[in-house]
Structures are given as C-alpha cells and as structure tokens.
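Chemist: Handing you this structure, nothing more for now.
The values are calculated or read from the model by the stated rules, or taken from the named source; none is laboratory data. Not measured: the values here are computed from a predicted model. Using ideal geometry, Cβ is built from the backbone for each residue, glycine included, and neighbour counts are taken over all protein chains shown. Note: areas computed on protein heavy atoms with side chains; ligands, DNA, RNA excluded. Shrake-Rupley method; radii C 1.70, N 1.55, O 1.52, S 1.80 Å.
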Amino acid sequence: MMNNNWLYSSKFKRKRIKFLCKLAFSGGTPKTNHYDYWNNGTIKWLASGEIQNKVVQNFTDLITNKGLKNSSARLFPKNTLLLAMTGATCGNVGISSLEIACANQSVYSYILNDNTHPKFYYYALLAMRDEILSNQNGGAQAGINGKVCKNLIVPDISLAKQKQIADFLDKKVLLVDKLIDIKKQEIEVLIKQKKDFVTRSIKEAIDSSSLTDIKYFSTTNGRIGWQGLTTAEYKQEGPYLITGTDFNEDGSINYNTCVHITLKRYKEASKIQVRNGDVLITKDGTVGKVAIIDNLPCETSLNSGVLLIRPDTKKCLSRYLYYYLKSDYFWDWFKINSKEAATIVHLYQQQFNNFPVYLPSLSIQERIVSNLDYKYKKLEKLLLIKNLHLNELYNYKKSIIYEYVSGKKEVSHEFKWLKST
C-alpha cells in the first residue's frame, strides 16, 4: 500500500478517500467491433487522455445505451472526481463539468458524499500526485490499480474549511495559470521559429540536390518483440537504456535520467548498441523527438520506443540528418503517411525507411550545419530560459496547492485581497 507521507506532518485529520465517496469505480470500453454500441450514441464517454489536471469539459466519443449496458462503463454526474490510472496520463486529475458521462477502464471515478466539496479533493489529489505515481507498476503502460485509487489518504476537514481552501486556490491558481499560458505561448512561438529556421536554411541550399530514401544512405534499427524489456529488469548500474523521456531539447541525451540494464541484455541486441554519431528518433506515443549521440559515456542501448539511425558518413553527415528530422520536411511527410487517428500514434520502421531526404553534397551539408549550429543554438538558449521560467511557475503552483491543502498554510487576510481582484 502506498506511503502517504505528504500528510503526516499536517494538523489535518486524515481518512481514506473511499470513506468520503458514495461510489468509487473504474470505467470500461464497449467492444469496438459492435457497431450498435457506438453508432448514433448519445452518452458522453471519456478516454484517460481527457484527464489533464483541470476541469474536464470535453469527451472522447459517444456510446449507446446498449454499449453502456454491455460494458463495465458506469455513469457519473457533474463534479465527479476523476483520476487517470495508466499510460502517459497516469496520475492526472480532473473534475467533470459534464452533466452525465462515463469513462474507460483507465479512469477511476469518485462520486463524493454530499458533505464534501469536490474541488477541494481535486486539489488534494493534485497535491499528492508524486506519491500516486510512486505506486505505478507494469511495463510500457505502467499504472496504478483500483486498490491504490480507493485507499488514497486525504484530509478529513469540515465542509466549510474545504470550501474556504478551494475558493482561495481557485483564485490563486487562476492567476498562476494565466502566467503559465503566456509563457507557453512564448515557447510555442520560439519552437515554430526554430523549425521554420531549419526548414528555410535547408531549402535555400538544396535546390539542385535530389531526393533519396533514407534506407539508401542509413541503417535503421529498433528493439523488436522478443527483445522486450519490462521495468522489473531495470538496474541501478550497468549499460544505459535510453527512452524518449531522456531526450533534451538541444538534441543531447540526459544520461542522469536513463535507467540501466544488464550487460547480457545489452549484448543480445547488437543492432541497437548505440555509437557516437548515431541519430535517434522517438517512434511511439510522442513521435519525432530527435537526438544525436556525442561523447557516449559507456555501453548504451534503446528501449522499444526509440529508433536508431546510423548514416553512412560518406554520404550524409549525422548532424545534417539531425537537423533535417527537426524540419518541416519530416513533419509534412509524417502527416501525409500517418493514417492513424488513434490517441497514440506510431512511426513504423518499415515506413520510415522510405522517408525521402534532400541529400546535397557533403560540402553543402557542412555549410548548412555550420549555419544552423551558430544561429539555432541561440534560439535553443532562449527556449531553455523560457522553459526554466515555465517550470518555476509549475513548481510554484504545485507548492501553493500543497501548502494550503495540507494545512501548512492557512487561508487568512490574503484571501480577502484575492476575492476583490
């Protein structure tokens, strides 16, 4: 069972969240091969991707009454508290603004008692997100189970106190969220400027060059099925294992966040043993994050979500290919060739082998790389500063939610000022 240290130093009483609920349950998904479970549906149905640490206003699909009755999906009312249980959104919290809806099996729903204030417990779950995530188990789609969800320990305080804290945080968090939105917009502008600059720099130098599929000047390899790894195999030392979360914005790898695997596991997959000069691209979920390997510290391999590209340096410079994959040339091709409408998209190795690249002479590639290294890095430094500021805002938001929900700080005269703003 989970460790609830986040509340132990609080003066608030504590209670397992299941004792504050009328009902608490996970959802379900009607079988997608049953046309009558989905066609002309009227019941709002949510996938876990809709749970994004804010009020839930959107739904993923509509199902029919027949689909509801023939699945484990269950209806919940407005102000139901929602917790994502698996995958990339695991630990995310939401509170439903939908009058009536249901969710899939990756969402846990809390229909709270009448003497509770749902928004307060929304903030409480946000405050303890790190501890919730510490209970994940499983492989690529690691998650938490229903037993963990219903036994989370939360503050047990009067309804008046819950409302006072929630109202205060609504005001305070709104102010921080406005600053976060401004910073996000600034970052989005910079990211677009970076991509546009790369695309323009390449385009200006390749008018006379020809398109060549990447398979003719590079080898591409990824971890295959029988090489599958689970989190249970991760070690404290040994060869590094790079995942998509270890990619830095500047194209480097953060080896401090890499997990380790055994030397045996490293050796059994020789085609993905990483070398200096290799280019990496993420191929599952968050597609298109790119890195280039330089100053490799020791033996290193890849997880299943990363594709290794090893260019023939007599034909293509690694850094030219790295920039090319950061440009609109890659993204325009991927959008045309990706036929999936699913939440999780994939870059398939066989598909990627046919990715066409404008391949000028090495001297022209060198000129492009030299120009980009100088100007692109300036944009990256500015972007790094913006991201640091954004992280500071997120940390501040997290700290104020924790401090008031846990009782470390009390709502006092400061709230009177906020109510007037």
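Chemist: May I ask you to rank 369, 259 by accessible area, largest first, using a 1.4 Å probe over the protein chains only?
Modeler: On the way: 369 15, 259 45 Å².
Order by accessible area, largest first: 259, 369.
Chemist: Please give me, ordered by residue number, the chymotrypsin sites (Phe, Trp or Tyr not before Pro) of the range 316-416 that lie in loop per DSSP and have at most 16 other Cβ atoms within 10 Å.
Modeler: Qualifying residues, ordered by number: 348.
Chemist: Taking θ = phi - 60°, what integer Hz values does the Karplus form 6.51 cos²θ - 1.76 cosθ + 1.60 yield along the range 188-196, in sequence order, with x for Gly and Pro?
Modeler: For the range 188-196, the Karplus curve yields 4, 5, 5, 4, 5, 4, 4, 5, 4 Hz.
Chemist: Moving to a separate point now. Using R₀ = 41 Å, calculate the FRET efficiency as 1/(1 + (r/R₀)^6) where r is the Cβ-Cβ separation of residue 170 and residue 32; round to 0.05. Numbers along the way, then the final one.
Modeler: Working: r = 38 Å, r/R0 = 0.93.
Working from the Cβ atoms, E equals 0.60.
Chemist: Too long at a 28 Å Cα-Cα cut-off: which of 195/267; 192/314; 315/377; 31/150?
Modeler: Numbers: 195/267 37 Å; 192/314 31 Å; 315/377 25 Å; 31/150 26 Å.
Checking Cα-Cα distances, 195/267; 192/314 exceed 28 Å.
Chemist: Projecting each Cα onto the charge dipole of the range 221-380 (Lys/Arg +1, Asp/Glu -1 at the beta carbon, about the Cα centre), which of 347, 263, 309 comes out farthest on the positive side?
Modeler: Result: 309, furthest along the dipole toward the positive end.
Chemist: Still on this structure, please answer the following. Enter the angle in degrees (range 0 to 90, nearest 10) between the Cα long axis of helix 118-127 and the first principal axis of the Cα atoms of the chain, meaning the one along which they spread out most.
Modeler: 40 degrees
Chemist: Run the numbers for residue 195 and residue 335: contour at 0.36 nm per residue of separation, minus the present Cα-Cα distance, in nm.
Modeler: Numbers: separation 140, 0.36 × 140 = 50.40 nm, distance 1.56 nm.
Using 0.36 nm per residue and subtracting the Cα-Cα distance, I get 48.8 nm.
Chemist: Counting only protein heavy atoms and a 1.4 Å probe, tell me what percentage of the range 1-159's accessible area is made up of carbon and sulfur.
Modeler: Numbers: 3420 of 7380 Å².
Ligands and nucleic acids excluded, carbon and sulfur give 46 percent.
Chemist: With +1 on the Cβ of every Lys and Arg and -1 on the Cβ of every Asp and Glu, and nothing else charged, how large is the dipole of the range 351-410 about its Cα centre, in debye rounded to the nearest 20?
Modeler: Details: 10 positive and 6 negative charges, 32 e Å.
The calculation lands at about 160 debye.
Chemist: Same structure, new question: Which pairs, out of 183/397; 22/69; 22/409, put more than 19 Å between their alpha-carbon atoms? Before the final figure, lay out the partial values.
Modeler: Working: 183/397 14 Å; 22/69 21 Å; 22/409 30 Å.
Beyond 19 Å: 22/69; 22/409.
Chemist: Can you give me the distance in nm between label points at residue 78 and residue 312, each placed 7 Å from the Cα along the Cα-to-Cβ direction?
Modeler: Calculated label separation equals 6.6 nm.
Chemist: May I pose another question? Taking a ≥ b ≥ c as the square roots of the Cα gyration tensor eigenvalues, with a/c under 1.5 meaning rounded and otherwise prolate when a/b beats b/c, else oblate, which class fits the range 185-276? Can you show the working numbers first?
Modeler: Values: a/c = 3.29, a/b = 1.61, b/c = 2.05.
It is oblate, given that a/c is not under 1.5 and a/b is not larger than b/c.
Chemist: Please calculate how many Å² of accessible area the chain carries per residue, with a 1.4 Å probe and no DNA, RNA or ligand atoms counted.
Modeler: Per residue, the chain has an accessible area of 51 Å².
Chemist: Would you rank 199, 245 by solvent-accessible area, highest first, keeping every protein chain in place and using a 1.4 Å probe?
Modeler: Numbers: 199 25, 245 115 Å².
Descending accessible area places them as 245, 199.
Chemist: Shifting gears a bit: Taking only Cα atoms, what is the 0 to 90° angle, nearest 10, from helix 362-405's long axis to the longest principal axis of the chain?
Modeler: Around 10 degrees separate the two axes.
Chemist: Rounding to the nearest 20 debye, state how big the charge dipole of the range 112-255 is about its Cα centre with +1 on each Lys and Arg Cβ and -1 on each Asp and Glu Cβ.
Modeler: Details: 19 positive and 19 negative charges, 68 e Å.
About 320 debye.
Chemist: Give the dimensionless ratio obtained when the Cα radius of gyration of the chain is divided by 2.2 N^0.38 Å. Before the final figure, lay out each step's value.
Modeler: On the way: Rg = 24.7 Å, N = 421, 2.2 N^0.38 = 21.9 Å.
That ratio works out to 1.13.
Chemist: Amide H to amide H, which residues 5 or more places from residue 235 or on other chains are under 5 Å from it, using H placed in the peptide plane?
Modeler: Excluding prolines and chain starts, which carry no amide H, the hits are 260, 261.
Chemist: How large is the dipole of the chain about the Cα centre if only Lys and Arg carry +1 and Asp and Glu carry -1, each at its Cβ, rounded to the nearest 20 debye?
Modeler: Working: 59 positive and 39 negative charges, 219 e Å.
Roughly 1060 debye, rounded to the nearest 20.
Chemist: If I take R0 = 45 Å and measure r between the Cβ atoms of residue 227 and residue 408 in this structure, what FRET efficiency does the formula 1/(1 + (r/R0)^6) give, to the nearest 0.05? Could you put the intermediate results ahead of the total?
Modeler: Working: r = 47 Å, r/R0 = 1.05.
Given R0 = 45 Å and the Cβ-Cβ separation, E is 0.45.
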